Structures are given as structure tokens and as C-alpha cells.
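Asks: Handing you this structure, nothing more for now.
All of the numbers you see were taken from the coordinates with simple rules; none came from a lab. These numbers were taken from a predicted model, which means no experiment stands behind them. FYI the Cβ positions are ideal-geometry reconstructions off the backbone, even for glycines, and counts take in every protein chain you see.
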Amino acid sequence: MFSKREVVLLDIITSRNNALITETAKLKEKKFREEKRAFLFEGIKLTREAIAEGVEFLHIFLTERCAEKYPDLAARKEAVIISDSVCTKISENSAPEGIVCTARYLDRLHKEFTYTDETDLTNACLILSTIQDPGNLGTIARTSAAFGKKTLILSKDCADIYNQKSIRASMGALFRTSTYRVSDLCLAIENIKSKGYRVYATALTKNALPLGRAEEIKDALFVLGNEGHGLDDRTINSCSGTVIIPMEADAESLNVASAATVLLWEAYR
């Protein structure tokens, strides 16, 4: 562990044009993340969560102030000490905390949906279709983990799970979440049903079951759709049925992350 004096004596990157800093800043772009199979996140909470979950770090960038405040991080082999100015270049926050990390893609977020019995759905409750807002995706992951459902099934056109908005909203839950990306959501739903699971679309239809008032939707999986357009007819028709969340007649429809919370609570209780 470094003492405060030793931390100060470490080489400090002060140039915003440093090659490592330039490459790190490019991880804000999805295309570059996919090319390097690496991602970026910030803050002491997420850093501690990542360490606890065994995330493979590439670099832990610390300002001098944070290096002195967190000597255990400064002592790690991945530690790089940077100036405040450099930190603002690689951070996406207007007032960065002073800790920015890069890490390798997480294998558990890239599980292959094999359409066989090898696909473990034990901890699955939600199937997400075309969710566009990465913040919603992160919030859903956080809530799912809180209710013990740490497996998500995502259509291939859902938001990038490594987007910083998604990672921040998850509050570290993504580090212990598994996701399956599926190219044909309807085929995946049919396969899940063939294993004995019931799958319900969240959609207002004539025969929709009210959530909480029907025993047959216990232990089911629920499909949530795009924030603006919901689910298409093909997806709805591939499900076992539809469910609605009972609300007041004059109420606006719930945000997709809020709806997910209600569904997860129903599955949990």
C-alpha cells in the first residue's frame, strides 16, 4: 500500500493528448467499445462493486486527490495517476469524482441463447424488446437484481448495456447480471414456452389478465416493449397471453422501468 508521499511521487499523466488518455476517451463510443471489447465506468461505488464481482480491470485512473484518499486503489497494478484536467477528458460527468476505470467486456453479459436445455432461466423474469434508453436498461437490471432475478433476455436491438448511462443506473448490478441477446425474440419465446414456462406480453388487449389477480401468471416470464411503441403484434401473438397493470382510468401509462418494477415485485412476493 502506498503512503501519501509515495502516491505524490508517482508519474502523473498531465497531457490530455497522451496516447493512453486519447484511447480511453474513445471508449465513450459504442463502436470503439465493441472493437476493443472494453468499457468505461466511474466513481468509487462502481469501482468497489467491480472489484467485489471480479471484473477484469485494464486501468484505474485516479486524480492525485483520489489516489491519496484511496491508497488501496493507488497500490493496484492497474492504477494510473492523472491530473484533474485529464480526468475531465475521459469522464462523462460534468463534475467527475476523480476515479475512472476501464475493464474488459463481461462474459456473463454475452451469454448465448442456445434454444436448448443449456439455457438457464432459473433467475429470469423479464424479456426486453427494443428498449432504447440505456438508463431504463440499467434501472431494470438494478431492480431485477434486487428481487433476485439476475438474468435478463434482450432482443438484439436493445440499448447498449455498456453505455455509461446504463452502468450508472444499474448502480453496479450489471456486474452481477447475466444477459442473453437473441436475434429472433419470437423464436426465443416459443422455445421458452416449450420448456414449460408461461410467457406474458405486457399489452392492453381484450383478454389481458390483470396483474395480481390471476394465479396463472405466477412464476411466468414477462415481455416488456419499446418505450414509445410497446410490443408488435408478432411478439404479442407468440406469448402465452397478455397482462396489464391495473391503474386508475385517467392515469398515464407507466415508464418501462416502473412497469418492470411492478412485474418483478409480483414475481417476488
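Asks: Can you give the angle from 0 to 90° between the axis of helix 256-268 and the longest principal axis of the chain, with both taken from C-alpha atoms, to the nearest 10?
Replies: Result, in degrees: 70.
Asks: Follow-up. Which of 215, 97, 34 ends up with the largest GNM mean-square fluctuation for the chain, with Cα atoms connected below 10 Å?
Replies: 215
Asks: Of 109, 225, 132, which is farthest on the positive side of the dipole of the chain, counting Cα position, with +1 on Lys and Arg Cβ, -1 on Asp and Glu Cβ, and the Cα centre as origin?
Replies: 109
Asks: Compute the length gained on full extension between residue 105 and residue 146: take 0.36 nm times their separation in residues and subtract their Cα-Cα distance, giving the result in nm to one decimal.
Replies: 12.5 nm
Asks: Another question, if that's okay. Grab the DSSP H runs of the chain that are 4 residues or longer, score each as -39,500 (n - 2.57), total them, divide by all residues and round the 222 nm result to the nearest 500 deg cm²/dmol.
Replies: Using -39500 (n - 2.57) per qualifying helix, the result is -9500 deg cm²/dmol.
Asks: Related question: Taking all pairs of distinct Cα atoms, average 1/r, flip it, and tell me the Kirkwood hydrodynamic radius of the chain in Å to one decimal place.
Replies: Radius from the Kirkwood sum: 20.1 Å.
Asks: Taking the convex hull of the alpha carbon atoms in the range 203-252, what volume per residue do you get, in Å³?
Replies: 94 Å³
Asks: Sticking with this structure for a sec: Convert 37 °C to kelvin, take the viscosity as 0.692 mPa s, use the Kirkwood radius over C-alpha pairs of the range 50-198 as Rh, and evaluate the Stokes-Einstein diffusion coefficient in µm²/s, rounded to a whole number.
Replies: Roughly 194 µm²/s, to the nearest whole number.
Asks: How many angstrom lie between the Cα centre of the range 50-70 and the Cα centre of the range 120-139?
Replies: Cα centroid of the range 50-70 versus Cα centroid of the range 120-139: 28 Å apart.
Asks: Another question about this same structure. What translational diffusion coefficient, to the nearest whole µm²/s, does the range 165-248 have by Stokes-Einstein, given a Kirkwood radius computed over alpha-carbon pairs, a temperature of 25 °C and 0.890 mPa s viscosity?
Replies: Result for D is 171 µm²/s.
Asks: Further question on the same structure: Please give the charge dipole size of the chain, origin at the Cα centre, charges +1 on K and R Cβ atoms and -1 on D and E Cβ atoms. Round to the nearest 20 debye.
Replies: Dipole magnitude for the chain comes out near 480 debye.
Asks: I've got another one for you. Could the peptides 249-258, 67-76 be put in order, highest first, of the mean number of other beta-carbon atoms found within 10 Å of their residues?
Replies: By packing density, highest mean first, the sequence is 67-76, 249-258.
Asks: Based on the Cα gyration tensor of the range 108-268, what are the three equivalent ellipsoid semi-axes, each the root of five times an eigenvalue, rounded to whole Å and given largest first?
Replies: So the three semi-axes of the range 108-268 are 22, 19, 15 Å.
Asks: Quick one: which of 26/156; 28/111; 28/77; 149/195; 193/218; 149/218 span more than 20 angstrom between C-alpha atoms?
Replies: Beyond 20 Å between Cα atoms: 26/156; 28/111; 28/77.
Asks: Note the per residue figure in Å³ for the convex hull of the C-alpha positions in the range 126-194.
Replies: Per residue, the Cα convex hull of the range 126-194 comes to 71 Å³.
Asks: Continuing with this model, one more query. Using only Cα atoms and rounding to the nearest 10 degrees, what angle (0 to 90) does helix 185-194 make with the longest principal axis of the chain?
Replies: It works out to around 60 degrees.
Asks: For the chain, find the longest principal axis of its Cα atoms and tell me its angle to the long axis of helix 134-146, 0 to 90°, nearest 10.
Replies: Its long axis makes an angle of about 80 degrees.
Asks: To make sure I understand the rule: partners must be aspartates and glutamates, Cα under 20 Å from the Cα of residue 206, and not fewer than 8 residues away in the same chain. Which ones qualify?
Replies: 215, 216, 232, 233, 248, 250, 252
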